[in-house]
Amino acid sequence: MRLTITIDTAPSLRRTGRPRRTASAGKQLSRGDAAWLKTRLEELCRKLGFSQGTWALQIISDTEMKSLHCRFLGIPATTDVMTFDMRPSPPTADRDCLQLDTAICIDEAQRQCARRNIPLRSELLLYAVHSLLHVSGYDDRTPAAARRMHRREDELLEALGVGLVYQSVGGAK
């Protein structure tokens, strides 16, 4: 088994194929940016030792993210990224196996990249790195843990050749 990464860039399409009206109808991720993102994520997984399994990412709107956030965490507001570790609990001895679902809010990414003057794809990559770090043992529940996690995010983004994103010009989020 090898690692498979999928990026759903149009989750606003119903099974019928008809688009739903969403807040981000004009903010779809381009195919070129999706391919760039997938290449960086494959490299990231290699760097972190994940060589098998699946990682499914969905790029969704504020409306869809708010629904997920409320359903799973009871918070009726949008957020940037939600991580769903699908491995058995506790994870099996196969530490190199990934079973991850990630929801990324394109509307929040648009707001943040405009605020910090960085490319949208870099902001989306930051959110994906954040998700992967959550299933790698990092958390951001305390200020000290958040600083540690965000430092690691930028270390990995620099190693991927993207440069600082979280601590980009304009300051941290």
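Just so you know, all these numbers are worked out from the coordinates, no wet-lab data involved. Since this is a predicted model, take the numbers as computed values, not measurements. Counting neighbours? That spans all protein chains shown, and the Cβs are built from the backbone with ideal geometry, glycine included.
Length, then width, then depth: along the principal axes, the Cα atoms of the range 95-169 run 36, 26, 25 Å.
Ranked by the mean number of other Cβ atoms within 10 Å of their residues, highest first, the peptides 60-68, 120-128, 134-142 come out as 120-128, 60-68, 134-142.
When you count the other C-beta atoms within 10 angstrom of each residue and take the mean per peptide, 143-153, 75-85 line up highest first as 75-85, 143-153.
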